[in-house]
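None of the figures in this text is laboratory data; all of them are computed from the coordinates on show. Computed from a prediction, not measured in an experiment: that's the story for all the values here. Glycine also receives a Cβ, built like all others from the backbone with ideal geometry; neighbour counts cover every protein chain displayed.
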């Protein structure tokens, strides 16, 4: 493959990644923000909105890691997320390092929640608890709160997976070929 072809492919990948990340910057609904703020005794809607924004971004990265056709896609998406934070008008330039650290810590903890399969909790419960841990100062949220937070978080992952599929496509293999066999053939 020529230098120009590789360059063109990289540019196309970065463009798709930026478009995908723009879908992740969809604002949370007012109802979700108000509900999440009501869980915390302080009732801080700005904090709740930021936690939902961070959750959507983190879960979008995780959906890409899980569902992408190859490793270059989540890498490009992670880079595009970092770029998007630096160009987010809601983040003051002096606060950018803090926002990047906050996002990074949330991504790591959501990643752990997705990967943790022991304990019998379904994914939506693990994601819901994680969202509530970042938002609420209440020790043990009730099950209804965990369920609602889980629905929100799982909805973010489904939306991200759909956007990923629409932008990057779906792997298509014959029924008798496993993905690992196709990779080895390359």
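Observations, loosely collected:
- The long axis of helix 45-67 is offset from the longest Cα principal axis of the chain by roughly 30 degrees.
- Based on C-alpha pairs under 8 angstrom that are at least 6 apart in sequence, segment 1-133 has a relative contact order of 24 percent.
- Overall form of segment 29-95 per C-alpha gyration tensor (a/c, 1.5; a/b vs b/c): oblate
- In whole angstrom, the chain maps to an equivalent ellipsoid with semi-axes of 32, 22, 13, each derived as √(5λ) from the alpha carbon gyration tensor and ordered largest first.
- Helix 3-24 vs. the chain, principal-axis angle (Cα, 0 to 90°, nearest 10): 20 degrees
- The long axis of helix 143-168 is offset from the longest Cα principal axis of the chain by roughly 20 degrees.
- Calculated [θ] (222 nm, deg cm²/dmol) that DSSP helices of n ≥ 4 give over the chain, each run adding -39,500 (n - 2.57): -24500 deg cm²/dmol
- Each principal axis of the Cα atoms in segment 62-142 has its own extent, and those three values, largest first, are 39, 36, 14 angstrom.
- Chain lengthening between residue 101 and residue 71 when straightened (0.36 nm per residue, less Cα-Cα): 8.5 nm
- Judged by the mean number of other Cβ atoms found within 10 Å, the most tightly packed of the peptides 17-29, 120-132 leads the ranking 120-132, 17-29.
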